[in-house]
Amino acid sequence: MIRRSLLVAAGALLPLAARAQVGSGAARPPAPPMPAPGRRDWASQVPQIRLGVLGGESESDRLGRYDAYRKLFEDTFGVPTRMFFASDYSGVQQAFAAKQLEIANMSPAAYAGVWLDTNGGVEPILVTQEPDGSTSYVALMYVRADSGITKLEEMRGKAMAWSDPNSASGYLIPRAELRAAGITPETFFGRTGFAGGHDQALVAVLQRQYDAGVCWSSGQGDESRGFSRGVLTAAVEKKLLDMKDIRIIWRSRPIQNGPVVVRSDLPASFKKDMVDFHLALPAAHPEIHKAVERGSAVGWVPTRHEDYAVFIDMRRAEAAERRRRN
């Protein structure tokens with residue numbers, strides 16, 4: 001039963017709504033205007049906005065990227081806005097569970113985790129859209145170019161660096177797809193470990209602490225530049241990586257992009273303002289949008305919980321698998 005549910009999950013990574021958009025090339029509708037500045041009626045119930053930011057890069061890098069975004073929230077809605085920088089994915093999940101956050105951009109697996117932890121206490125409102133109209137990304141497995149490893153089969157007995165236990169691309173998706181292909185990660189790899197984030201996994205592979213790592217990427221665009229968006233793109237832009245130093249040996253099926261998430265118990269007017277703010281952001285403040293999203297993303301489109309049901313099933317299957325092993 002566990003094996004079947006993992007197989008189903010691995011074969012259905014991208015919801016039907018998102019699949020319909022892939023490669024569509026459809027023109028985006030005109031951007032709505034940015035909400036007019038002013039204190040909102042929901043401010044008495046939400047006296048401050050606390051923005052969660054997932055771990056995976058240094059706090060100084062995240063502050064540089066997100067501070068203008070934070071200030072725009074304050075200027076637009078007239079309430080204090082604070083950033084919550086988590087050291088890993090679970091930090092944002094725990095903060096949502098404790099009602100210490102109002103909104104965050106999360107990975108699909110992290111959303112699934114906090115939805116389960118809170119019994120539906122969070123909901124997705126928006127998802128990132130790519131230039132071709134898709135709302136998806138892929139997981140990539142990479143090795144050092146000088147490792148001699150050229151395909152997945154040659155990773156047997158080698159050391160694998162997972163990014164984070166709450167990461168879709170850095171853990172759950174690769175494991176599910178490998179199992180669906182008849183590969184048991186616990187016995188196939190000689191050694192596995194959690195690096196603490198995508199960036200840390202990349203560094204660990206480059207420093208020969210592990211033979212391979214996995215990360216998220218658009219999978220589109222110029223591979224020599226790290227593709228158009230993702231962990232490798234950012235590393236190349238920061239001159240921390242030359243793509244000639246690594247080799248991609250595996251990629252997943254398309255995965256639904258992570259959602260912008262809010263607490264379910266917040267006022268409907270707050271949620272609407274969050275949607276309107278983000279839909280308007282790329283056109284109204286392109287520099288802020290670029291800093292937050294990085295790479296080729298063109299904006300956000302509405303999403304719903306059903307688009308992430310596969311990740312709920314995947315996390316439940318992983319939990320059942322752990323119970324079976326123990």
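Structural remarks
- Residue within segment 224-237 that is farther than 21 Å from D61 by Cβ and not assigned by TED's automatic domain parsing to the domain that holds A291 present: yes
- Failed condition for G38, given (1) on the phi > 0 side of the Ramachandran plot; (2) within 18 Å of the chain's Cα centre (by Cα): (2)
- Any chance R324 is surrounded by fewer than 17 Cβ atoms within 10 Å (Cβ to Cβ) and either within 17 Å of M34 (Cβ to Cβ) or in contact (Cβ under 8 Å) with a residue 40 or more places away in the chain (or both): yes
- Only one of the listed residues (G219, G213) is under 23 Å from S167 (Cα atoms) and at pLDDT below 95. That residue is G219.
- Pick from segment 244-274, criterion under 10 Å from I103 (Cβ atoms) and under 20 Å from the mean Cα position of the chain (by Cα), ranking: surrounded by the most Cβ atoms within 10 Å (Cβ to Cβ): V261
- Just one of the numbered conditions (1) among the aliphatic types (A, V, I, L, M); (2) modelled with pLDDT of 80 or more; (3) surrounded by fewer than 17 Cβ atoms within 10 Å (Cβ to Cβ) is not true of V46: (3).
- Here segment 290-326 is the region considered, the condition is being in contact with a Lys or Arg (Cβ under 8 Å, 6 or more places away or on another chain) and hydrophobic (A, V, I, L, M, F, W, C), and the residue that is modelled with the lowest pLDDT is A297.
- Residue within segment 136-155 that is modelled with pLDDT under 95 and of a type in the set (S, T, N, Q) present: yes
- Spans of helices (runs of 4 or more DSSP H) in segment 171-232 with at least 3 residues touching a residue at least 60 places away in the same chain (Cβ under 8 Å), touching a helix residue (DSSP H, G or I) at 6+ places or on another chain (Cβ under 9 Å) and of a type in the set (D, E, K, R): 173-180
- The set of residues in segment 275-307 being more than 19 Å from the chain's Cα centre (by Cα) and of a type in the set (A, V, I, L, M) consists of A280, L281, A283, A284.
- Residues within segment 132-155 that are under 17 Å from F188 (Cβ atoms) and in contact with a helix residue (DSSP H, G or I) (Cβ under 6 Å, 6 or more places away or on another chain), tallied: 1
Here's the yes/no breakdown for (1) in contact (Cβ under 8 Å) with a residue 24 or more places away in the chain; (2) not assigned by TED's automatic domain parsing to the domain that holds V114; (3) not in a helix (DSSP H, G or I):
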{"site": "D265", "(1), (2), (3)": "yes, no, yes"}
{"site": "D276", "(1), (2), (3)": "yes, no, no"}
{"site": "L281", "(1), (2), (3)": "yes, no, no"}
{"site": "A291", "(1), (2), (3)": "yes, no, no"}
{"site": "E306", "(1), (2), (3)": "yes, no, no"}
{"site": "E318", "(1), (2), (3)": "yes, yes, no"}
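The values are calculated or read from the model by the stated rules, or taken from the named source; none is laboratory data. This is a predicted model, so every value here is computed, not measured. Note: ideal-geometry Cβ built from the backbone for every residue, glycine included; neighbour counts use all protein chains shown.
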